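The values are calculated or read from the model by the stated rules, or taken from the named source; none is laboratory data. Since we're looking at a predicted model, the values are computed, not measured. Using ideal geometry, Cβ is built from the backbone for each residue, glycine included, and neighbour counts are taken over all protein chains shown. All accessible areas refer to the heavy atoms of the entire protein, side chains included, with ligands and DNA or RNA removed. Shrake-Rupley method; radii C 1.70, N 1.55, O 1.52, S 1.80 Å.
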Amino acid sequence: MPKKADTKKVNTTTTKAKSPVTKKATAKKSLVKKTPAKKVVAKKVAAKKAPTKKVSAKKRSTPISSYQGRKGEKYMSAAMKKHFLAVLIDWREHLKEEMQKTFDHLKNKGESYADPIDRASQEEEFAFELRTRDRERKLISKIAMSLDLIKQGDYGYCYACGIEIGVKRLEARPTATHCIDCKTLDEIKEKQLGG
């Protein structure tokens, strides 16, 4: 009879050992179920951040679209002049903003470095910015001349031959003063004289 008691004890021990394992398995399953829920929340947060980047990109000024003329519209009509006036003014304001940024950059970053290599690299950077701004200053004067031509009613006509410059050429270069033929001849003469 003592042998039967020993077998019963063994069976109860194995039964007790199985029940904690089952509890751990169910506990792990519940943790696994909660983890995907957290990942979904993280994805939603990332999705909400993306539209804020788009809003900051919209704050930049968009360029004025190209002019869409109507059928039978007269060259340099009032609507066309208004369009090119807006393009030139927008371009001028953009260049002035860039010049102001450069001025502020030169003013704030104008510290002298002890290392000669750092100082030389900073001076080279400043020289490059100043050359760029000098070109833009000359461009601003050309824009001012074009604005005066619009007011006088002479904008869009070639200086050399007096024919229409063309809307497509003016869209590409609003400060153009010569038609494509006259400009091509000028470039050929420059190459012959320079070469």
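The residues of the range 116-195 present an accessible area of 70 Å² per residue when probed at 1.4 Å with all protein chains retained. Extension gain, I180 to E164: 0.36 nm times the residue separation minus the Cα-Cα distance gives 4.8 nm.
Between the C-alpha center of the range 132-151 and that of the range 78-114 there is a gap of 12 Å. Residues in the range 78-111, backbone N under 18 Å from the label point at Q122 (7 Å along the Cα-to-beta-carbon vector): list them, ranges by number please. Under cut-off, by backbone N: 102-111. In the range 126-165, taking the dipole from charged Cβ atoms about the Cα centre, the farthest positive-side position among S146, G156, L130 is held by L130. Residues whose amide H lies under 5 Å from that of Y157, counting only those 5 or more places away or on a different chain, are I165; hydrogens are built 1.01 Å from N in the peptide plane. Potential lengthening of the chain between K71 and M99 amounts to 6.0 nm, from the contour at 0.36 nm per residue minus the alpha-carbon distance. Taking only C-alpha pairs under 8 Å that are 6+ residues apart, what is the relative contact order of the range 117-195 in percent? Computed value for the range 117-195: 20 percent relative contact order. Taking all protein chains as present, what is the carbon and sulfur share of the accessible area of the range 109-182, in % to the nearest whole number, probe 1.4 Å? The nonpolar share, carbon plus sulfur, comes to 54 percent.
Label separation (I140 vs A114): 3.9 nm, computed from points 7 Å beyond Cα along the C-beta direction. Highest average first, the peptides 70-77, 126-133 ordered by how many other beta carbon atoms sit within 10 Å of their residues are 126-133, 70-77.
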